1. Looking only at segment 192-230, which residues are part of a helix (DSSP H, G or I) and basic (Lys, Arg)?
2. Identify all residues within segment 1-11 that are at pLDDT 95 or above and surrounded by fewer than 16 Cβ atoms within 10 Å (Cβ to Cβ); write none if there are none.
3. Residues in segment 53-74 that are among the small types (Gly, Ala, Ser) and either modelled with pLDDT of 95 or more or not assigned by TED's automatic domain parsing to the domain that holds Leu15 (or both): how many?
4. Restricting to segment 39-72, count the residues that are assigned to a loop (DSSP other than H, G, I, E, B) and among the aliphatic types (A, V, I, L, M).
5. If I ask for residues that are farther than 19 Å from Cys102 by Cβ and either of a type outside the set (D, E, K, R) or surrounded by 14 or more Cβ atoms within 10 Å (Cβ to Cβ) (or both), which ones from segment 57-71 would you list?
6. Filter segment 72-101 down to residues that are surrounded by 18 or more Cβ atoms within 10 Å (Cβ to Cβ), under 23 Å from Lys125 (Cα atoms) and in contact with a Gly (Cβ under 9 Å, 6 or more places away or on another chain), then give me how many there are.
7. Checking the condition surrounded by fewer than 20 Cβ atoms within 10 Å (Cβ to Cβ), over 20 Å from Ile21 (Cα atoms), modelled with pLDDT of 90 or more and among the polar types (S, T, N, Q), which residue from Gln184, Gln198 passes?
8. So, of the residues in segment 20-38 that are within 19 Å of Pro177 (Cα to Cα) and outside any strand (DSSP E or B), which turns out to be modelled with the highest pLDDT?
Amino acid sequence: MLMNLNNITMRFGGLTALSDIRIQIEKGDLVGLIGPNGSGKTTLFNVITGIYKPTHGTVYFNNENITGLRPDLVAKKGIARTFQNIMLLKALSVLDNVMVACHVRLQSSWIGAVLRVPGFVKEEKLMKEKSNHLLEIVGLQNKRHFPAESLPYGEQRRLEIARALAVNPELLLLDEPAAGMNPQETQSLMDFIIDIKQKLGLTILIIDHDMKVIMGICRWMVVLDSGEIIARGTPNEIQNNTKVIQAYLGVMHDAQDN
(Lines give C-alpha, C1' and ligand atoms only; values in the text may rest on other atoms or scores of the structure.)
Protein backbone atom coordinates (compact mmCIF):
# COMPACT_ATOMS: atom_id res chain seq x y z
CA MET A 1 0.00 0.00 0.00
CA LEU A 2 1.52 3.31 -1.08
CA MET A 3 -1.07 5.77 0.24
CA ASN A 4 -3.85 5.45 2.79
CA LEU A 5 -6.28 8.33 3.30
CA ASN A 6 -7.98 7.54 6.58
CA ASN A 7 -11.20 9.36 7.54
CA ILE A 8 -10.15 12.67 5.94
CA THR A 9 -12.49 15.54 6.82
CA MET A 10 -11.82 19.16 5.83
CA ARG A 11 -13.93 22.02 7.14
CA PHE A 12 -13.67 25.73 6.34
CA GLY A 13 -15.70 27.44 9.05
CA GLY A 14 -19.21 26.04 8.69
CA LEU A 15 -18.51 24.51 5.26
CA THR A 16 -17.54 20.84 5.06
CA ALA A 17 -15.46 20.43 1.90
CA LEU A 18 -14.53 16.78 2.56
CA SER A 19 -16.29 14.30 4.82
CA ASP A 20 -14.80 11.02 6.04
CA ILE A 21 -12.79 10.28 2.87
CA ARG A 22 -11.18 6.83 2.83
CA ILE A 23 -9.01 5.86 -0.13
CA GLN A 24 -6.22 3.30 -0.40
CA ILE A 25 -3.85 3.42 -3.36
CA GLU A 26 -1.47 0.59 -4.15
CA LYS A 27 1.91 1.00 -5.80
CA GLY A 28 1.58 1.08 -9.58
CA ASP A 29 -2.09 2.13 -9.58
CA LEU A 30 -3.52 4.66 -12.02
CA VAL A 31 -6.58 6.02 -10.24
CA GLY A 32 -9.16 8.52 -11.47
CA LEU A 33 -10.85 11.06 -9.17
CA ILE A 34 -14.00 12.62 -10.61
CA GLY A 35 -17.01 14.61 -9.51
CA PRO A 36 -18.93 17.82 -10.24
CA ASN A 37 -17.36 21.22 -9.72
CA GLY A 38 -17.06 21.95 -6.01
CA SER A 39 -17.15 18.28 -5.02
CA GLY A 40 -13.80 18.50 -3.18
CA LYS A 41 -11.34 17.00 -5.66
CA THR A 42 -8.69 19.73 -5.58
CA THR A 43 -9.22 20.17 -1.83
CA LEU A 44 -8.25 16.51 -1.43
CA PHE A 45 -5.10 17.09 -3.49
CA ASN A 46 -4.29 20.06 -1.24
CA VAL A 47 -4.67 17.88 1.85
CA ILE A 48 -2.42 15.17 0.41
CA THR A 49 0.32 17.65 -0.54
CA GLY A 50 0.29 19.59 2.73
CA ILE A 51 -1.30 22.82 1.53
CA TYR A 52 -4.18 22.09 3.93
CA LYS A 53 -4.05 20.24 7.21
CA PRO A 54 -7.26 18.22 7.51
CA THR A 55 -9.70 19.00 10.29
CA HIS A 56 -9.81 15.29 11.02
CA GLY A 57 -8.17 12.17 9.65
CA THR A 58 -4.73 10.94 8.66
CA VAL A 59 -2.66 10.78 5.48
CA TYR A 60 -0.29 7.82 5.37
CA PHE A 61 2.37 7.53 2.67
CA ASN A 62 4.63 4.48 2.62
CA ASN A 63 3.24 3.66 6.08
CA GLU A 64 4.38 7.05 7.43
CA ASN A 65 2.02 9.66 8.86
CA ILE A 66 2.56 12.80 6.72
CA THR A 67 -0.61 14.63 7.79
CA GLY A 68 -0.06 18.40 7.74
CA LEU A 69 3.57 18.13 6.68
CA ARG A 70 4.86 21.21 4.80
CA PRO A 71 4.49 20.95 1.00
CA ASP A 72 8.26 20.95 0.42
CA LEU A 73 8.68 18.10 2.88
CA VAL A 74 5.81 16.18 1.27
CA ALA A 75 7.63 16.56 -2.06
CA LYS A 76 10.81 15.17 -0.50
CA LYS A 77 8.82 12.15 0.71
CA GLY A 78 7.97 11.38 -2.91
CA ILE A 79 4.69 13.12 -3.82
CA ALA A 80 4.50 15.64 -6.68
CA ARG A 81 1.59 17.40 -8.34
CA THR A 82 0.46 19.63 -11.17
CA PHE A 83 -2.23 22.30 -10.92
CA GLN A 84 -5.48 23.17 -12.71
CA ASN A 85 -3.96 26.45 -13.85
CA ILE A 86 -0.51 26.02 -15.36
CA MET A 87 2.02 27.50 -12.92
CA LEU A 88 5.22 27.72 -14.94
CA LEU A 89 7.95 30.34 -14.54
CA LYS A 90 7.10 31.64 -17.99
CA ALA A 91 10.01 34.05 -18.43
CA LEU A 92 12.55 31.29 -17.70
CA SER A 93 13.67 28.73 -20.23
CA VAL A 94 12.09 25.30 -20.49
CA LEU A 95 15.27 23.77 -19.03
CA ASP A 96 15.44 26.22 -16.14
CA ASN A 97 11.82 25.45 -15.19
CA VAL A 98 12.74 21.82 -14.65
CA MET A 99 16.03 22.60 -12.92
CA VAL A 100 14.22 24.80 -10.39
CA ALA A 101 12.18 21.79 -9.29
CA CYS A 102 15.37 19.72 -8.88
CA HIS A 103 16.41 22.00 -6.02
CA VAL A 104 14.08 20.14 -3.64
CA ARG A 105 16.69 17.33 -3.70
CA LEU A 106 19.68 19.68 -3.45
CA GLN A 107 22.12 18.84 -0.63
CA SER A 108 24.34 21.93 -0.87
CA SER A 109 23.61 25.03 1.23
CA TRP A 110 22.72 28.41 -0.26
CA ILE A 111 26.16 29.62 0.77
CA GLY A 112 27.69 26.82 -1.27
CA ALA A 113 25.57 27.90 -4.22
CA VAL A 114 26.67 31.52 -3.94
CA LEU A 115 30.36 30.57 -3.59
CA ARG A 116 29.98 27.80 -6.18
CA VAL A 117 31.90 25.31 -4.10
CA PRO A 118 32.87 22.03 -5.84
CA GLY A 119 30.04 20.10 -4.20
CA PHE A 120 27.43 22.50 -5.54
CA VAL A 121 28.98 22.61 -9.01
CA LYS A 122 28.81 18.82 -9.15
CA GLU A 123 25.18 18.80 -8.03
CA GLU A 124 24.31 21.50 -10.54
CA LYS A 125 25.81 19.43 -13.36
CA LEU A 126 23.78 16.40 -12.27
CA MET A 127 20.60 18.51 -12.07
CA LYS A 128 21.15 19.74 -15.61
CA GLU A 129 21.71 16.21 -16.90
CA LYS A 130 18.60 14.99 -15.10
CA SER A 131 16.50 17.89 -16.41
CA ASN A 132 17.61 17.28 -19.99
CA HIS A 133 16.73 13.59 -19.57
CA LEU A 134 13.23 14.47 -18.33
CA LEU A 135 12.72 16.89 -21.21
CA GLU A 136 13.68 14.09 -23.58
CA ILE A 137 11.09 11.82 -21.94
CA VAL A 138 8.32 14.42 -22.38
CA GLY A 139 9.40 15.33 -25.92
CA LEU A 140 10.67 18.85 -25.22
CA GLN A 141 14.45 18.39 -25.28
CA ASN A 142 14.79 20.24 -28.60
CA LYS A 143 13.02 23.26 -27.04
CA ARG A 144 15.02 23.35 -23.81
CA HIS A 145 16.32 26.87 -24.43
CA PHE A 146 12.93 28.34 -25.44
CA PRO A 147 11.09 30.59 -22.97
CA ALA A 148 8.38 28.53 -21.29
CA GLU A 149 5.74 31.08 -22.34
CA SER A 150 6.52 30.44 -26.02
CA LEU A 151 5.35 26.81 -25.89
CA PRO A 152 1.91 25.80 -27.19
CA TYR A 153 -0.62 24.99 -24.49
CA GLY A 154 -0.25 21.22 -24.73
CA GLU A 155 3.53 21.44 -24.45
CA GLN A 156 3.23 23.73 -21.42
CA ARG A 157 1.23 20.95 -19.77
CA ARG A 158 4.00 18.48 -20.58
CA LEU A 159 6.59 20.86 -19.15
CA GLU A 160 4.61 21.17 -15.94
CA ILE A 161 4.56 17.38 -15.65
CA ALA A 162 8.32 17.23 -16.35
CA ARG A 163 8.85 19.70 -13.51
CA ALA A 164 6.78 17.53 -11.18
CA LEU A 165 8.84 14.50 -12.20
CA ALA A 166 12.03 16.35 -11.27
CA VAL A 167 11.38 15.72 -7.56
CA ASN A 168 11.61 11.94 -8.13
CA PRO A 169 8.03 11.18 -7.07
CA GLU A 170 6.60 7.78 -6.34
CA LEU A 171 3.11 9.29 -6.46
CA LEU A 172 2.16 11.84 -9.15
CA LEU A 173 -1.03 13.89 -8.73
CA LEU A 174 -2.39 15.35 -11.97
CA ASP A 175 -5.05 18.05 -11.56
CA GLU A 176 -7.05 18.35 -14.80
CA PRO A 177 -4.10 17.91 -17.19
CA ALA A 178 -6.42 17.77 -20.24
CA ALA A 179 -8.17 21.07 -19.45
CA GLY A 180 -8.26 23.30 -22.53
CA MET A 181 -6.89 20.67 -24.89
CA ASN A 182 -8.32 19.77 -28.29
CA PRO A 183 -9.11 16.09 -29.10
CA GLN A 184 -5.74 15.46 -30.72
CA GLU A 185 -3.86 16.95 -27.77
CA THR A 186 -6.02 14.93 -25.37
CA GLN A 187 -5.21 11.65 -27.11
CA SER A 188 -1.53 12.55 -27.10
CA LEU A 189 -1.76 13.30 -23.36
CA MET A 190 -3.36 9.92 -22.63
CA ASP A 191 -0.58 8.10 -24.48
CA PHE A 192 1.99 10.26 -22.69
CA ILE A 193 0.61 9.49 -19.19
CA ILE A 194 0.63 5.75 -19.85
CA ASP A 195 4.16 6.02 -21.26
CA ILE A 196 5.70 7.88 -18.29
CA LYS A 197 3.90 5.61 -15.83
CA GLN A 198 5.52 2.58 -17.42
CA LYS A 199 8.95 4.13 -17.97
CA LEU A 200 9.27 5.61 -14.49
CA GLY A 201 7.26 3.10 -12.45
CA LEU A 202 4.89 5.78 -11.18
CA THR A 203 1.67 5.60 -9.22
CA ILE A 204 -0.76 8.23 -10.52
CA LEU A 205 -3.90 9.87 -9.13
CA ILE A 206 -5.62 12.02 -11.75
CA ILE A 207 -8.50 14.51 -11.72
CA ASP A 208 -10.15 15.37 -15.01
CA HIS A 209 -13.55 16.36 -16.34
CA ASP A 210 -12.77 14.74 -19.70
CA MET A 211 -14.33 11.30 -19.33
CA LYS A 212 -12.43 10.05 -22.36
CA VAL A 213 -9.20 10.55 -20.42
CA ILE A 214 -10.37 9.06 -17.13
CA MET A 215 -12.26 6.12 -18.63
CA GLY A 216 -9.51 5.48 -21.14
CA ILE A 217 -6.50 5.15 -18.87
CA CYS A 218 -7.60 4.52 -15.27
CA ARG A 219 -7.79 1.05 -13.74
CA TRP A 220 -10.29 2.19 -11.12
CA MET A 221 -11.99 5.40 -10.04
CA VAL A 222 -13.37 7.29 -7.06
CA VAL A 223 -16.35 9.64 -7.42
CA LEU A 224 -16.90 12.60 -5.09
CA ASP A 225 -20.08 14.63 -4.68
CA SER A 226 -20.45 17.41 -2.11
CA GLY A 227 -17.28 16.26 -0.36
CA GLU A 228 -18.36 12.63 0.04
CA ILE A 229 -17.44 9.45 -1.83
CA ILE A 230 -20.55 8.24 -3.65
CA ALA A 231 -18.95 5.46 -5.71
CA ARG A 232 -15.75 3.63 -6.45
CA GLY A 233 -14.96 0.92 -8.97
CA THR A 234 -13.80 0.15 -12.49
CA PRO A 235 -14.66 2.53 -15.36
CA ASN A 236 -17.42 0.17 -16.48
CA GLU A 237 -18.91 0.00 -12.97
CA ILE A 238 -18.81 3.79 -12.63
CA GLN A 239 -20.48 4.33 -16.01
CA ASN A 240 -23.39 2.19 -14.88
CA ASN A 241 -23.70 3.56 -11.35
CA THR A 242 -27.03 5.37 -10.85
CA LYS A 243 -25.67 7.80 -8.25
CA VAL A 244 -22.82 8.79 -10.54
CA ILE A 245 -25.11 9.28 -13.53
CA GLN A 246 -27.33 11.55 -11.47
CA ALA A 247 -24.52 13.50 -9.82
CA TYR A 248 -22.05 13.87 -12.64
CA LEU A 249 -22.32 11.81 -15.80
CA GLY A 250 -26.02 12.55 -16.08
CA VAL A 251 -25.23 16.24 -16.48
CA MET A 252 -23.05 15.39 -19.45
CA HIS A 253 -25.70 13.17 -20.99
CA ASP A 254 -28.32 15.88 -20.62
CA ALA A 255 -26.02 18.38 -22.28
CA GLN A 256 -25.42 16.03 -25.19
CA ASP A 257 -29.16 15.42 -25.63
CA ASN A 258 -29.97 19.16 -25.87
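1. Taking segment 192-230 as the starting set, the residues that turn out to be part of a helix (DSSP H, G or I) are 192-200, 211-217.
Residues satisfying the conditions are Lys197, Lys199, Lys212.
2. Going residue by residue through segment 1-11, those that are at pLDDT 95 or above are 2-11.
Scanning segment 1-11 gives Asn7, Arg11.
3. Applying the first criterion (among the small types (Gly, Ala, Ser)) to segment 53-74 yields 57, 68.
Now drop any that are not either modelled with pLDDT of 95 or more or not assigned by TED's automatic domain parsing to the domain that holds Leu15 (or both), which leaves 57.
Qualifying residue count for the region: 1.
4. Looking only at segment 39-72, we keep the residues that are assigned to a loop (DSSP other than H, G, I, E, B), and these are 39-40, 49-55, 62-63, 66-70.
Checking which are among the aliphatic types (A, V, I, L, M) leaves us with 51, 66, 69.
Final tally of qualifying residues: 3.
5. Our first condition is that a residue be farther than 19 Å from Cys102 by Cβ; within segment 57-71, this holds for 57-69.
Answer for segment 57-71, where residues must be farther than 19 Å from Cys102 by Cβ and either of a type outside the set (D, E, K, R) or surrounded by 14 or more Cβ atoms within 10 Å (Cβ to Cβ) (or both): Gly57, Thr58, Val59, Tyr60, Phe61, Asn62, Asn63, Asn65, Ile66, Thr67, Gly68, Leu69.
6. 1
7. None of the others qualify; the one that does is Gln198.
8. So in segment 20-38, the residues within 19 Å of Pro177 (Cα to Cα) come out as 29-38.
Keeping just the survivors that are outside any strand (DSSP E or B) gives 29, 35-38.
Working: Asp29: 96, Gly35: 90, Pro36: 87, Asn37: 87, Gly38: 88.
Result: Asp29.
The values are calculated or read from the model by the stated rules, or taken from the named source; none is laboratory data. Being a predicted model, the structure only gives us computed values, none of them experimental. All Cβ positions, glycine included, derive from the backbone under ideal geometry; neighbour counts span all protein chains shown.
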